[in-house]
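Have a look at the structure below, then the notes.
The values are calculated or read from the model by the stated rules, or taken from the named source; none is laboratory data. Computed from a predicted structure; not experimentally measured. Glycine also receives a Cβ, built like all others from the backbone with ideal geometry; neighbour counts cover every protein chain displayed.
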């Protein structure tokens, strides 16, 4: 049996010039996750991470107790590019006035009211992903179907591992939602519904045995107190 621990990266630096680094809270979340794995004696046989900085920082911090293991980078665990969100917002704004108004409001609130801007950000992201998933094209970026195929190829990488292998896979919300939904047989129309619920440094454990997937738990954060949990 192969045990797969899908782990979302720690909180990134939302609203900063460089989003793709862990915030101070994100670093703390990763440290607490490392302590949890160490205390519970949960030791991986292999560690994978996407190639984004926030993913690699989380993997490195969490895996410091397993320094003898090489961290393997896999683009199949990558979130869509940061530029994709902005490019999508601007493209959709050209054809959907309601979206354009909300996007302009988000830009105004980003500095004036960061807390409110995050709420609008989630709303915009949901609309962007629906447009993309429904076949919308964003210049210079892959189609959703191409993005999804690349994400699911991660299973091709690991499902031929020998039995009794424990894998840590550090990724992001969208890839984890797709990978977990596929494992559970969730209809593709609902495969992104997990996305808004996946907390930073949460753990989702999937088992693979005899060509079948089983889920042990989803979005677990036993290492964090309620006030330490974040979604962005």
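Here are the numbers for this structure:
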| item | result |
| --- | --- |
| Residue count for region 127-153, restricted to those that are assigned to a helix (DSSP H, G or I), in contact (Cβ under 8 Å) with a residue 24 or more places away in the chain and surrounded by 13 or more Cβ atoms within 10 Å (Cβ to Cβ) | 11 |
| Which listed residue, of 42, 47, is in a loop (DSSP other than H, G, I, E, B), surrounded by 14 or more Cβ atoms within 10 Å (Cβ to Cβ) and in contact (Cβ under 8 Å) with a residue 60 or more places away in the chain | 42 |
| Test result for residue 90, at pLDDT below 95 and either surrounded by fewer than 18 Cβ atoms within 10 Å (Cβ to Cβ) or assigned to a strand (DSSP E or B) (or both) | no |
| Any hit, region 176-186, residues being buried (at least 19 other Cβ atoms within 10 Å of the Cβ), part of a loop (DSSP other than H, G, I, E, B), touching a residue at least 40 places away in the same chain (Cβ under 8 Å) and within 16 Å of the chain's Cα centre (by Cα) | no |
| All positions within region 154-171 that are surrounded by fewer than 22 Cβ atoms within 10 Å (Cβ to Cβ) and either touching a helix residue (DSSP H, G or I) at 6+ places or on another chain (Cβ under 9 Å) or touching a residue at least 12 places away in the same chain (Cβ under 8 Å) (or both) | 155, 156, 157, 158, 159, 161, 163, 164, 165, 166, 167 |
| Matching residues in region 193-211 - criterion: being over 11 Å from the mean Cα position of the chain (by Cα), modelled with pLDDT under 95 and surrounded by 20 or more Cβ atoms within 10 Å (Cβ to Cβ) | 208 |
| Tally of residues being farther than 22 Å from residue 164 by Cβ and in a loop (DSSP other than H, G, I, E, B) across region 50-66 | 3 |
